[in-house]
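To start, I am sharing the structure in question, which I have written as structure tokens.
The values are calculated or read from the model by the stated rules, or taken from the named source; none is laboratory data. The model shown is predicted, which means the values in this text are computed figures rather than measured ones. Backbone-built Cβ (ideal geometry, glycine too); neighbour counts: all protein chains shown.
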Amino acid sequence: MHLALPKRKSSDASLYKPRTSRFPTIRRSRVQAGILSFCAIGFFFFIISRVFGGGDGIPSGTPPVVIVTVINTKAGYSKEYIADIKENRAEYARKRGYATFFPTDTDYDLNESPSSWARVPAMRHAMTKFPHSTFFWFLDQNALIMNPFLAVEDDIMNPKLLEDMMIKDQSVVPPDSVIKTFSHIKGNTVDLVLTQDKEGLAQTSFILRRGDWARFFLDTWFDPLYRSYNFQKADTHALEHIVQWHPTILSKLTLIPQRTINAYYMSSPAVDGGHYQAGDFLISFKGCEALLSSEKSCEVWAGPYSKQWRTIFNAR
Amino acid sequence: MSRSPSPLPGGGVWASPGLNSPNGSGNGRSSPQKIYRINTNANANAVTWEGAKAKSEGLNGYPSFSTQNSGFFSRHYRRISNSLPSYQGGSDKSYAEKEKLGRGRWMPQDGGKMARLKKAIGQINRKTWYRIGVIAVIVLMYILFYVTPAHYWWRRAKHLGGGKKFVIILAANQGGGVMEWKGPREWAIERDSVRNKKKYANRWGYELEIVDMSTKKRYAHEWRESWEKVDTIRNCLRKYPDAEWFWWMDLNTFIMEPSFSLQSHIFNHLGQETYRDINSYNPLNITHPFSAPYLETEENSPVGDGKPSSINLVIPQDCSGFNLGSFFVRRSAWTDRLLDVWWDPVGYEQKHMEWVHKEQDALEFLYINQPWIRTHTAFIPQRKINSFPPGACSDNGNDTHIHYDQRDHDFVVNMAGCEWGRDCWGEMYNYRELSNFLNRNPWELFKEELVAKAWYEITGQKIKI
């Protein structure tokens, strides 16, 4: 492009700016070194936190499993019997580093519904009291742990073992419920482990993993409309109801063979092969409450075993 | 190209042929051809010398502080000479021909208008070019973005506008089907309502799902009609796997301000737009929070964990409790669970006579009784997404928390309960017109506010343009 007149050059000699200080404060090399060392320190801390950070901020010494047993204060159990039950749990917990929690059935406002409902708020209470524990094991009062060498988190809730044990495609309420347990559940997504006895779902012993699902499950189970509905077997039938009607509950639940966590006393209504044999994890005296008024049947049934568990516990 | 004004020995660069300019050094005339220059070499040299001499005389005649370009003419020389018509050397003609035509005259350019235009463009300086370029780019971008569908795709895209994350579920045909015939008014309502949502969804790149809610006896085991909200939302969760928020809207709603995006209106600052503590507006007198000792701190806290990220359900409350005419639900495991337990046969059996508002009452019941619901539910002031017309909730007169006010540009109006003794179509029509009126474009504003008013002032007649 042609311009009419060329540009004129400035005839002023350019001046050098005076130095602001005698020495430059930061040299470029220093800036580079600073940035590099900053990155290095950041990376170091990142690695440290990855290696030593225990994950979810769980304080050390947190019991991995909490055993929850609701103590019945209304029926006429003797003090010795209750003490023995408590000692059995406490002794097992001490051996394995677990915690125990013994609320009573009058601790919760059940609004006139049967006292067996107390197990539901009791589980929530345990989750509140032990906010970092992973597994919450509800064990009915009328049961005794017989094998202290089994650990809940390793021998039952271990995903690999659980996948081998779980009973797939099984009618939830035998014999003829059309709702069956899912067949594609992974061991690490299971949040509730249950067993079946002869009459249906048995919730004398179940293990729940803490989490949002556990809260949802317990709140749904505890819904006032179920408590006021007069299910024949109160909370048991309510549980069977929600499991069958709500797939979000069924999909997180797995059934395992009865004897693994819920072996029955010989007079209790177990499934085939569900009766207690020596070496089983525990023995449950289901059905003894029904006979409670005539004789102290629970104590009678439990009598021989309460001596036995002490010898087993002290054996090794 | 060298533009040096100083004469060079040999005169090769000193190329001006007819140098009789008083200002001597350099001019803007286009350089003649080489042939020409060679032929007039002697002449050019002589001129060069004179010019240089004159210049140096000028310099010598005055002391150094005197500048050369003091006069008006010398200062503006360049600009003036730039604007002059240029001398046509006749570059494609031989020297001999040029001689005949009379060189040094002001000639009209060949090629006429086109060439002149070309010349004019050639004379635009660089700065102007930059300015023109910037304006052109802006115009181009505007066309690209707003005239083509680019803005639609931009607004939909996940990481840009995020419109795909929102699904509007519009319930059409509610209670229709076997129960009653649809008249022309009902058709008109449906047409207007659907068009309104379609326009809105298109504008912001949202998904729109129109569901047919006509009554069918679809459930063999229980008579579950018009509890289909739950199933519909669940189907939508499956149908739009990319979406995060689902906005349920009844048919009798109208989006009054389509220029509000859901993101800017609510979701960019969800924590501030919603409230977790129901005590701040509690028409149902729900005891909140729970104070059971067996619950966790979050569940006994009035605001849950207080983080917007834990909000999975956003519902407005009207004068009598929750209102599910317009509400949001977020995709989450929590939502799946809620949709699963929302309808339950045991609850239905005991309460279906009592729960006249069906899902709404069931949800209130769940909220009252189950702590896990409360920690993920938030409420939104009703007028944010669900303003009522004066006819609804009218027992206590006009309430600024409930009723639509055009001065505040409420987002959505819900003509709740218009099918019981009010004129649905009338209300819908009025709100549609009002929405158009409130959202006039500049041209309409000019016509109606300026021209029509001026006309009225002058002639006393009202006109419609």
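Would it be correct to say that residue B:398 is more than 30 Å from residue B:301 (Cα to Cα) and part of a helix (DSSP H, G or I)?
Judged against the criteria, residue B:398 is not a match.
Find the residue count for region B:408-465, including only residues that are over 24 Å from the mean Cα position of the chain (by Cα) and assigned to a loop (DSSP other than H, G, I, E, B).
Residues meeting the conditions: 15.
Considering only region A:103-121, state which residues are more than 19 Å from residue A:85 (Cα to Cα), acidic (Asp, Glu) and either touching a helix residue (DSSP H, G or I) at 6+ places or on another chain (Cβ under 6 Å) or more than 13 Å from every other protein chain (Cβ to nearest Cβ) (or both).
A:112 - this is the single residue of region A:103-121 that is more than 19 Å from residue A:85 (Cα to Cα), acidic (Asp, Glu) and either touching a helix residue (DSSP H, G or I) at 6+ places or on another chain (Cβ under 6 Å) or more than 13 Å from every other protein chain (Cβ to nearest Cβ) (or both).
Could you check, for region B:390-406, whether at least one of its residues is in contact with a helix residue (DSSP H, G or I) (Cβ under 7 Å, 6 or more places away or on another chain) and within 14 Å of chain A (Cβ to nearest Cβ)?
The answer is no; no qualifying residue exists.
What residue, among those in region B:106-125 that are assigned to a loop (DSSP other than H, G, I, E, B) and surrounded by fewer than 11 Cβ atoms within 10 Å (Cβ to Cβ), is modelled with the lowest pLDDT?
Restricting to residues being assigned to a loop (DSSP other than H, G, I, E, B) and surrounded by fewer than 11 Cβ atoms within 10 Å (Cβ to Cβ), the top hit is B:108.
Go over the candidates B:265, B:269, B:357 one by one and state the one that is over 23 Å from residue B:169 (Cβ atoms) and more than 11 Å from every other protein chain (Cβ to nearest Cβ).
B:269
Could you tell me which numbered condition residue B:299 fails, if it satisfies all but one of (1) more than 14 Å from chain A (Cβ to nearest Cβ); (2) touching a residue at least 12 places away in the same chain (Cβ under 8 Å)?
Failed condition: (1).
With crowded, with 17+ Cβ neighbours inside 10 Å and at pLDDT below 90 as the only criterion, which of B:293, B:289, B:258, B:283 stands out?
On inspection, the qualifying residue turns out to be B:289.
Okay, next question. Looking only at region A:134-186, which residues are touching a strand residue (DSSP E or B) at 6+ places or on another chain (Cβ under 9 Å) and of a type in the set (Lys, Arg)?
A:168, A:180 - these are the residues of region A:134-186 that are touching a strand residue (DSSP E or B) at 6+ places or on another chain (Cβ under 9 Å) and of a type in the set (Lys, Arg).
Still on this structure, please answer the following. Could you list, in sequence order, all residues of region A:171-216 that are among the aliphatic types (A, V, I, L, M) and modelled with pLDDT of 90 or more?
A:190, A:192, A:193, A:194, A:207, A:208, A:214
Could I ask something else about it? May I ask you to verify whether residue A:304 is farther than 29 Å from residue A:78 by Cα, more than 14 Å from every other protein chain (Cβ to nearest Cβ) and at pLDDT 85 or above?
So residue A:304 does not fit the description; no.
Still on this structure, I have one more. Which numbered condition trips up residue B:297, out of (1) under 30 Å from residue A:131 (Cβ atoms); (2) in contact with a strand residue (DSSP E or B) (Cβ under 9 Å, 6 or more places away or on another chain)?
Single failed check for residue B:297: (2).
What number of residues in region B:163-191 are within 18 Å of the chain's Cα centre (by Cα) and either of a type in the set (Phe, Trp, Tyr) or modelled with pLDDT under 85 (or both)?
Residues that pass the stated criteria total 1.
Which numbered condition trips up residue A:311, out of (1) within 24 Å of the chain's Cα centre (by Cα); (2) more than 14 Å from every other protein chain (Cβ to nearest Cβ)?
Residue A:311 satisfies every listed condition except (1).
Inside region B:244-279, can you point out the residues that are touching a Cys at 6+ places or on another chain (Cβ under 8 Å) and part of a loop (DSSP other than H, G, I, E, B)?
B:252, the sole residue that qualifies.
Being closer than 30 Å to residue A:212 by Cβ and either free of Cβ contacts under 8 Å to residues at least 24 places away in the same chain or not assigned by TED's automatic domain parsing to the domain that holds residue B:260 (or both) is the requirement here; does residue B:360 meet it?
Taking the combined requirement at face value, the residue does not satisfy it.
Rundown of residues vs (1) under 27 Å from residue B:194 (Cβ atoms); (2) β-branched (Val, Ile, Thr); (3) in contact (Cβ under 8 Å) with a residue 12 or more places away in the chain, yes/no style:
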{"position": "B:237", "(1), (2), (3)": "yes, no, yes"}
{"position": "B:245", "(1), (2), (3)": "yes, no, yes"}
{"position": "B:268", "(1), (2), (3)": "no, no, no"}
{"position": "B:271", "(1), (2), (3)": "no, no, yes"}
{"position": "B:274", "(1), (2), (3)": "no, yes, yes"}
{"position": "B:279", "(1), (2), (3)": "no, no, yes"}
{"position": "B:303", "(1), (2), (3)": "no, yes, yes"}
{"position": "B:331", "(1), (2), (3)": "yes, no, yes"}
{"position": "B:334", "(1), (2), (3)": "no, no, yes"}
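Could you please let me know if residue B:252 is in contact (Cβ under 8 Å) with a residue 12 or more places away in the chain, within 28 Å of the chain's Cα centre (by Cα) and within 13 Å of another protein chain (Cβ to nearest Cβ)?
When the stated conditions are applied, residue B:252 does not pass them.
Do we have any residue at all in region B:328-343 that's at negative phi, among the polar types (S, T, N, Q), surrounded by fewer than 21 Cβ atoms within 10 Å (Cβ to Cβ) and more than 14 Å from chain A (Cβ to nearest Cβ)?
The answer is no; no qualifying residue exists.
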